[in-house]
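Comments concern the structure below.
Laboratory data are not the source of any read-out in this text; all were calculated from the coordinates shown. A quick note: this is a predicted structure, and the numbers were derived from the prediction, not measured. Cβ placement follows ideal geometry from the backbone for every residue including glycine, while neighbour counts extend to all protein chains displayed.
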Amino acid sequence: MNVLQVRDLTKRHGRKHNLVRAVDGVDLDVPAGQMLAVTGPSGCGKSTLLNLMAGLERPTGGQVWLAGERIDTAGERALARLRRRSVGFVFQSFHLVEELTAAENVELPVLLAGGSPRAAKRRAGQLLDQVGLADRARQLPWKLSGGERQRVAVARALANEPLVVLADEPTGNLDTAATNEVLRLFADLRAMGQTVVMVTHDARVAATADRLVSMRDGVFVEDTWLGGGSGWLDGLFAMGD
Ligand SMILES: Nc1ncnc2c1ncn2[C@@H]1O[C@H](COP(=O)(O)OP(=O)(O)OP(=O)(O)O)[C@@H](O)[C@H]1O
Ligand SMILES: [Mg+2]
């Protein structure tokens with residue numbers, strides 16, 4: 001089953017001599033359990049593509065299905081529900097709520113989706129444990145390192161058991177050590193069978209994926225099967241902890 005299906009997707013900005021074809025006729029199928037990395041130079045349309053697939057932006061043309069449900073033409077309410085329940089989004093710059101603790105940040109999507117405070121607490125505890133931050137649960141974001149913050153953001157993205165995690169440069173603001181923490185976490189997600197689409201400039205991050213799509217000027221120029229990740233990660237884990 002394809003979790004995501006994209007057909008002839010386009011997004012244009014401006015008109016005439018100011019026309020930008022941010023995404024220019026893209027087709028994509030993402031089967032359940034696949035970890036897909038999208039790379040390409042700055043401005044080639046990666047974030048736009050991700051936002052279109054998350055229902056954060058409306059396309060100019062083409063179609064997007066999420067688990068068989070058409071999202072490009074969905075109404076605002078249906079879209080809000082889909083974003084809340086079916087998509088977990090990870091931003092480059094964390095986007096944590098600074099006034100809330102790590103645990104409260106993870107609880108928030110559960111509460112917004114109508115979960116009880118008890119269910120939210122339980123889920124947040126579980127997820128923070130899973131991302132190795134059980135002991136940091138009561139900290140405010142500014143007291144956490146970059147890697148820790150991004151792990152909280154990933155935990156938050158997973159809160160409602162989304163069909164797909166979409167991550168835009170999840171290691172973009174992180175140093176090497178913090179990048180390794182996040183990579184390890186994404187490797188766990190892959191092992192769990194979580195469907196993930198991530199955008200990255202970083203070849204090391206891309207190498208952790210099952211499949212690598214290269215974009216240029218709004219179109220796909222390469223689609224490569226990486227065969228379940230590269231060996232260097234095993235080395236990293238062997239050295240770790
Ligand atoms: N709201 C907008 N109005 C006009 N042009 C836009 C808008 N949003 C994006 N663009 C343009 O669309 C193109 C694709 O932008 P996008 O942000 O998707 O690129 P990207 O591949 O994510 O780049 P980066 O690697 O720098 O994040 C760029 O030329 C950008 O300037
Ligand atoms: Mg971008």
Considering just Cα atoms, how many Å³ per residue does the convex hull of segment 40-117 enclose? 125 Å³
At a 10 Å Cβ-Cβ cut-off, how would you order Lys11, Lys121, fewest neighbours first? Lys121, Lys11
Cut-off under 23 Å on the C-alpha distance; same-chain residues fewer than 8 positions from Lys46 excluded. Which lysines are left, in chain and number order? Lys11, Lys16
Provide the per-residue ³J(HN,Hα) series for segment 49-66, in order, calculated from phi with Karplus coefficients 6.51, -1.76, 1.60 and θ = phi - 60°, each as a whole number of Hz, with x at glycine and proline positions. 4, 5, 5, 5, 6, 8, x, 8, 10, 9, x, 7, x, x, 10, 10, 10, 10
Convert each backbone phi in segment 184-192 into a coupling constant with the Karplus relation 6.51 cos²θ - 1.76 cosθ + 1.60 (shift: θ = phi - 60°), then list the ³J(HN,Hα) values in order as whole Hz, x for Gly and Pro. 4, 5, 5, 4, 4, 4, 5, 4, 6
How far apart, in nanometres, would the label points at Thr176 and Arg204 be if each is projected 7 angstrom from Cα along the Cα-to-Cβ direction? 0.6 nm
Taking 0.36 nm per residue of sequence separation and subtracting the Cα-Cα distance, how much length would be gained by fully extending the chain between Thr60 and Ala78, in nm to one decimal? 4.6 nm
Please report the spacing between the Cα centers of segment 155-195 and segment 1-66 in Å, no decimals. 20 Å
By the Kirkwood definition, with r running over pairs of different Cα atoms, the chain has a hydrodynamic radius in Å of 18.3 Å
Fully extended contour minus Cα-Cα distance, from Ser145 to Val221, at 0.36 nm per residue: 23.7 nm
Inter-label distance, nm, simple model (7 Å from Cα along the C-beta direction), Leu19/Glu69: 3.4 nm
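Plugging the Kirkwood radius over Cα pairs into Stokes-Einstein for segment 14-59, at a temperature of 37 °C and a viscosity of 0.692 mPa s, what D comes out in µm²/s?
268 µm²/s
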